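Reviewing the structure listed below.
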Amino acid sequence: MQYVVMPSNDIRTNLATEQYLMNSGKLKAPFMLFYIEGPCIIVGRNQNTLEEINQKYCEEHGITVTRRLSGGGAMYQDLGNLCFSFVVPAKDQEFGDFKTLVAPVVEALHEMGATGAEVTGRNDIVIDGKKFSGNAMYTKGDKTFSHGTLMFDVDTGAVENALKVPKDKIESKGIKSVRSRVTNIKPYLAESYQKLDTFSFRDELIKKIWKVDDLEQLKEFEYKLDETDQAEIAKIEQELYKNWDWVYGRSPEFTVQRRRHFDGGTIDARFLIENGKIAEVTIYGDFFGKKDVAELQTALKGQKYAPEVIRQVLSQFELNEYFVGLDATEVTELLALQQ
């Protein structure tokens, strides 16, 4: 069985690589992929992106947000997380049978000291009742891929903050994530493995799965991307994983309420979002204004429901004329961000 260690730490590049290698025929299934990325959130295919993320936190901390092809819930990852994928012939794999596919990974973790690791529920790997791996599956044509995470040394505080659903009212038809207690696997490994970084942990895991003592023994099994591969991957990345319409526009219809009490009055804004764009917006409140907020509502209607777009639209207006005595910057941020 061949494998690929992805050189990129960008989740969008890595998802594009996974998709390309699954469909290109360059590698014969079954094969495995391993990748590590910087801070990011990957939402499931059928989710409402904005309902899953703390958008303000993600924006302030430079967290990349994208959507994957497979279903399931939203996942936070950073350089302390290792991802793995199995690409197998669809005829040989029952869709949804994660336990069979991830067995080599679980066995490798047992060998490394985490003997309590087990597959449980629908698609998780847990230890001491805490989740450290989530998995999702996707089938196209004659192939199926199952990709999963391994929380090795992830910033668990960032997990909580980045995926913390804001208190402001959001209602949608999207499939919502179920939050679980999470942990890193690192403390459960034998002491010799606890000194590793994520990249070294990846290499040790590969050796355990292929049952060798040195990666040099696997040279014939490792596939390295060439320039043709990278050019095709870049196209997929631009067309899909960096595409606003794919990441946000696929979100189902949903409503958002943005409400705050200022010393000069209360603003209560209601947005109806369709395909990631503002279909309707109404701004209620007991504030005073020289001008009619209907002008703002008209300007926002039809725009992408994205912080930078809302800020740009509102910057064209003297907001103090519409909300007398209220700080224009604070009003803008109230309407622009889910915080």
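The values are calculated or read from the model by the stated rules, or taken from the named source; none is laboratory data. The structure presented is a predicted model; accordingly, all values stated were derived computationally and were not measured. Because the Cβ atoms are built from the backbone with ideal geometry, glycine has one as well, and the counts that use them run over all protein chains shown. For the accessible areas, the whole protein counts, side chains as well, though only heavy atoms, and no ligand, DNA or RNA atoms are used. Shrake-Rupley method; radii C 1.70, N 1.55, O 1.52, S 1.80 Å.
Among the listed pairs K131/K207; K28/K140; K26/K235; K28/K242; K91/K140, those with a Cα-Cα distance over 20 Å are K131/K207; K28/K242. The lysines whose alpha-carbon is closer than 16 Å to the alpha-carbon of K277, local same-chain residues fewer than 8 away aside, are K173, K301, K304. Computed from label points 7 Å out along Cα-Cβ, the spacing between A234 and D263 is 5.4 nm. Amide H to amide H, with H built 1.01 Å from N, R45 comes under 5 Å of R68, S70, G71, G72, counting only residues 5 or more places away or on other chains.
Projecting label points 7 angstrom from Cα along Cα→Cβ for A328 and D128 puts them 5.4 nm apart. Length gained on full extension, E59 to K195: 45.8 nm, using 0.36 nm per residue less the C-alpha separation. In this structure, the amide hydrogen of K131, modeled 1.01 Å from its nitrogen in the peptide plane, lies closer than 5 angstrom to those of R181, V182, T183, counting only residues at least 5 positions away or on a different chain.
Quantify, in whole percent, the carbon and sulfur part of the accessible surface of segment 225-284 (1.4 Å probe; protein heavy atoms only).
Values: 1270 of 3060 Å².
About 41 percent, which is the carbon plus sulfur part of the accessible surface.
If R₀ is 22 angstrom, what is the calculated FRET efficiency for the pair R311 and E160, using the beta carbon separation as r and rounding to 0.05? Working shown, then result.
On the way: r = 27 Å, r/R0 = 1.21.
E between R311 and E160, to the nearest 0.05, is 0.25.
Taking 0.36 nm per residue of sequence separation and subtracting the Cα-Cα distance, how much length would be gained by fully extending the chain between E118 and R181, in nm to one decimal?
21.2 nm
Per-residue ellipticity at 222 nm, computed for the chain from helices alone with -39500 (n - 2.57) per DSSP H run of at least four residues, works out to -7500 deg cm²/dmol.
Output the antiparallel fraction of DSSP beta bridges having both residues in the chain, as a percent to the nearest 5.
Looking only at bridges with both residues in the chain, the antiparallel portion is about 85 percent.
Segment 276-339 and segment 233-275 have Cα centres spaced 14 Å apart. For the peptides 283-290, 83-90, 215-222, the ranking by mean Cβ contacts within 10 Å, running from highest to lowest, is 83-90, 283-290, 215-222. For a straight C-alpha distance cut-off of 16 angstrom, the aspartates and glutamates reachable from K224 (same-chain residues fewer than eight places away being disregarded) are E18, D203, E216, E232. The residues of the chain present an accessible area of 46 Å² per residue when probed at 1.4 Å with all protein chains retained.
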